[in-house]
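Notes follow the structure.
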Amino acid sequence: MNKIPVLEISGLSFTYPDGTLALNNLNLSLAAGETLAVSGPNGAGKSTLLLHLNWIFPSALVKVNGRPALKKNLREIRRQVGLIFQDPDDQLFSPTVYDDVAFGPLNLGYTKAEIDERVAGALLEVNLTSHAQKPPHHLSFGEKKRASVATVLSMDPLLLVLDEPTSNLDPSNRRKIINLIKELPMAKIIATHDLEMIIDLRARTIILDNGALVADGPYDKILRDEKLLTEHGLELPWSFRPRGKSA
Ligand code: ADP
């Protein structure tokens, strides 16, 4: 069993050029296979945190599988961390779904046979095998979201980072993406306001506010704490409300 945390963040602070302190002394460790939900009000620092998890804001204070997330480790880290954007149109840019899913492995120099195998595996995982030759803009929104996941699964990452994976999905497509997240064995970080999804995933949950980590614990401790939630711009999820109680 791999004892090195997949992700380790030690005392990370980040200030934008205009002086906004977006992350304030953040400490976080994630084990292999662990699922972590990150919630908090708008402006809490969730996006800024996600931008530290691949090459966009490199920092030695963020370690991926024991290596600092610095430019010199970029190639390795981009393979190990798969970031899935909230808007699939930011992720899909090739003429076909196949090309988008092949893009990562192609850049890593795999052979054609290896690439084909990786693309087939990733598309099977997200149930889009029959859509390989379609242009991504012909997919439904739910299919695009799943195709986005396939573009990183083809890299066989250690850590999947998903930004609001259920946003704008109808109930049936929301269910599909939640089931997909449940099935995937690697570690996951999910930034979301969908507290019911967090309950469904039984995820460890952290709450960020003003760039600081204000809570870290099991979902059924954090998401039952009404005082904590309301203090940080959230509400008690429906499943944890006493029967008949509205917000
Ligand atoms: P969240 O994703 O939780 O809504 P963000 O990480 O986007 O939070 O934002 C954290 C803080 O950083 C907010 O105060 C936001 O206004 C600020 N911020 C985000 N992006 C920039 C930027 N490019 N320049 C200056 N401030 C920014």
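Quick check: at a probe of 1.4 Å, how many percent of the accessible area of region 192-247 sits on carbon and sulfur atoms? Please list the in-between numbers first.
On the way: 1440 of 3020 Å².
That share works out to 48 percent.
Axis angle, to the nearest 10 degrees, between helix 112-125 and the longest C-alpha principal axis of the chain: 40 degrees. Rounded to 0.05, the FRET efficiency of the Y16 and N168 pair, given R0 = 35 Å and the Cβ-Cβ distance, is 0.85. Per residue, the accessible area of region 1-72 comes to 49 Å², computed with a 1.4 Å probe over protein heavy atoms only. Projected label points at N107 and R224, each 7 Å from Cα along the beta carbon direction, are separated by 4.4 nanometres. Accessible surface computed residue by residue for region 140-247, with neighbouring protein chains in place and a 1.4 Å probe, gives 44 Å² per residue.
Taking 0.36 nm per residue of separation and subtracting the Cα-Cα distance, what length does fully extending D116 through I4 add? Don't skip to the end; give the middle numbers.
Values: separation 112, 0.36 × 112 = 40.32 nm, distance 3.12 nm.
Taking 0.36 nm per residue and subtracting the Cα distance, the gain is 37.2 nm.
Accessible surface for L234 stands near 20 Å², nearest 10, in the context of the full protein assembly shown (1.4 Å probe). Measuring nothing but how far apart in sequence close Cα pairs (under 8 Å, 6+ apart) lie, relative to its length, the chain scores a relative contact order of 24 percent. What is region 45-164 by shape, rounded, prolate or oblate, if you read a ≥ b ≥ c off the alpha carbon gyration tensor as root eigenvalues and call it rounded for a/c under 1.5, prolate for a/b larger than b/c, and oblate otherwise? Note, shape of region 45-164 comes out oblate. Nonpolar atom fraction for region 1-144, defined as the carbon and sulfur part of the 1.4 Å probe accessible area, stands at 55 percent.
What percentage of all Cα-Cα pairs in region 79-135 are separated by more than 20 Å? Walk me through the numbers before you get to the answer.
On the way: 313 of 1596 pairs.
More than 20 Å apart: 20 percent of the Cα pairs in region 79-135.
With the simple model of a label 7 Å out from the Cα in the direction of the Cβ, S94 to E231 spans 4.8 nm. Each of G121, L162, H232 was placed along the dipole of region 90-247 (beta-carbon charges, centred on the mean Cα), and the one lying farthest toward the positive end is H232. Note on region 27-90 and region 111-162: Cα centroid distance 20 Å, given to the nearest whole angstrom. The helix-only estimate of mean residue ellipticity at 222 nm for the chain, built from DSSP H runs of length n ≥ 4 each weighted as -39500 (n - 2.57), is -9500 deg cm²/dmol after division by the residue total. Candidates P171, V152, L184 compared by Cα position along the dipole of region 143-188: farthest toward the positive end lies P171, with charges placed on Cβ. Once the Kirkwood radius over Cα pairs is known for the chain, the Stokes-Einstein relation at 4 °C and 1.567 mPa s delivers a diffusion coefficient of 69 µm²/s.
Please give the helix 97-107 orientation as an angle from the longest Cα principal axis of the chain, in degrees from 0 to 90, rounded to the nearest 10. The helix 97-107 is inclined about 90 degrees to the chain. What you get for the chain, charging only the Cβ of Lys and Arg (+1) and of Asp and Glu (-1), is a dipole of about 440 debye around the Cα centre.
Mean 1/r over all different Cα pairs, inverted: what Kirkwood radius does region 113-247 give, in Å? Write down the numbers at each step before the final one.
On the way: mean 1/r = 0.0603 Å⁻¹.
Radius from the Kirkwood sum: 16.6 Å.
Across the alpha-carbon atoms of region 31-81, the computed radius of gyration and Dmax are 11.8, 34 angstrom.
The values are calculated or read from the model by the stated rules, or taken from the named source; none is laboratory data. All of these numbers come straight from a predicted model, not from anything done at the bench. Reconstructed Cβ throughout: ideal geometry from the backbone, glycine too, with neighbour counts over all protein chains shown. Side chains are part of the model used for accessible areas, which takes the heavy atoms of the whole protein and leaves out ligands, DNA and RNA. Shrake-Rupley method; radii C 1.70, N 1.55, O 1.52, S 1.80 Å.
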